[in-house]
Amino acid sequence: MEDIIDKIVDFIISWGISHGPRIIGILVFGWIIHKVSHRVVEGTVRKLVTCEEGSSKEAEEKRENTLIRIFHMTVATVLWVIMGMLVLSEFGLDIAPLLAAAGLVGVAVGFGAQYLIRDVITGFFLIMENQFRIGDVVCLDDTCGSVEDITLRLAVLRDLDGAVHHIPHGSVSKVSNLSKKMARVNLDIGVSYDADIEKVEEVVNRVGVELAADPKFSEMITKPPQFLRINNFGDSSVDIKILGDTQPLKQWEVTGELRKRIKIAFDKEGIEIPFPQRVMHQAKK
């Protein structure tokens, strides 16, 4: 029994002396390449990506960080697969049959992988065309939320309820970016048919200018919200359209404050915001 144990120990020591340094060398070399590739990818992306006209520095940085993350993940995956095969070969495993088997399996599942290929190709063009980036708020078809992550295969969105949606790129037919370059206050408000529209316009424009001059909101607003037109004659109200431009992702905060200030101003000026009313007639007996 002791002889067997001694032989096993001798074998482990002998194997460790002959193969251990090479395995350690492979892992260390892989780690170095991993770090170097990250720096190379980051430097290359930041140097080659050009700034789009009208795009802010923050928006371009978000685009660059998204590209860096995706390219780095791709390079790291390929690198560690190669390192893993080299380590397996040091354990005495012949990786040639493994590669051949992988090729056969690849052919076998080729038809099943068509959706994966479609997702990757679509994702590549979505990213290179800068349709959206990590940190943007987008609608992918009917699903809306902030972009928490992007890979070559899918996008991860988190909606206002906190739900996380994983959406393969190949299934997306329409991308609506709510936070690219600029955003807009688009507000409809109903006023009474008895209201003086000229006065309503004056009050709305004054509130919009005051909001844009407020130090708390001045940096968010690029064009003060203003009365645009009478948008519709409703059943119980005259609907007016208010538009204004804001910085990306600030439209909801500005719109909420604008609603509050318009309500306060209308109350002071005696302008009624009506609610639906129904008149019922009782038949005479």
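The values are calculated or read from the model by the stated rules, or taken from the named source; none is laboratory data. Quick caveat: nothing in here was measured; it's all calculated off a predicted structure. Cβ placement follows ideal geometry from the backbone for every residue including glycine, while neighbour counts extend to all protein chains displayed.
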- Selection within segment 150-195 - free of Cβ contacts under 8 Å to residues at least 40 places away in the same chain and over 15 Å from Asp119 (Cα atoms): Leu157, Arg158, Asp159, Leu160, Asp161, Gly162, Ala163, Val164, His165, Ser176
- Message: Just to be sure before I move on: is Lys250 loosely packed, with under 15 Cβ neighbours inside 10 Å, under 38 Å from the mean Cα position of the chain (by Cα) and modelled with pLDDT of 90 or more in the structure I sent?
- Response: no
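Check segment 223-241 and report whether any residue there is hydroxyl-bearing (Ser, Thr, Tyr) and more than 24 Å from Pro274 (Cα to Cα).
No, there is no match, as no residue in segment 223-241 is hydroxyl-bearing (Ser, Thr, Tyr) and more than 24 Å from Pro274 (Cα to Cα).
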- Kindly indicate which of Lys223, Lys199, Lys181 is out of contact with any helix residue (DSSP H, G or I) (no Cβ under 6 Å at 6 or more places or on another chain) and at positive phi. Lys181
- Of all residues in segment 252-268, how many are without any contact (Cβ under 8 Å) to a residue 60 or more places away in the chain and touching a strand residue (DSSP E or B) at 6+ places or on another chain (Cβ under 7 Å)? 0
- Query: Across segment 175-192, which residue is farthest from Asp239 (Cα to Cα) among those that are among the hydroxyl-bearing types (Ser, Thr, Tyr) and at pLDDT 90 or above?
  - Reply: Ser176
- Positions within segment 129-159 being of a type in the set (Asp, Glu) and touching a helix residue (DSSP H, G or I) at 6+ places or on another chain (Cβ under 9 Å), in sequence order: Asp136, Asp141, Asp149
- Message: Can you pull out every residue in segment 194-243 that is farther than 23 Å from Lys268 by Cα and either of a type outside the set (D, E, K, R) or surrounded by 14 or more Cβ atoms within 10 Å (Cβ to Cβ) (or both)?
- Response: Pro215, Ser218, Met220, Ile221, Thr222, Lys223, Asn231, Asn232, Phe233, Gly234
- Which of the helices (runs of 4 or more DSSP H) contained wholly in segment 29-144 include at least 1 residues that are surrounded by 14 or more Cβ atoms within 10 Å (Cβ to Cβ) and at pLDDT 75 or above? 57-90, 114-128
- Message: Being touching a residue at least 12 places away in the same chain (Cβ under 8 Å), of a type in the set (Lys, Arg) and closer than 20 Å to Pro248 by Cα narrows it down to one residue among Arg118, Arg133; which is it?
- Response: Arg133
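Anything in segment 149-176 that is β-branched (Val, Ile, Thr) and either in contact with a Pro (Cβ under 9 Å, 6 or more places away or on another chain) or in a loop (DSSP other than H, G, I, E, B) (or both)? List them, or say none.
Answer for segment 149-176, where residues must be β-branched (Val, Ile, Thr) and either in contact with a Pro (Cβ under 9 Å, 6 or more places away or on another chain) or in a loop (DSSP other than H, G, I, E, B) (or both): Thr151, Val172.
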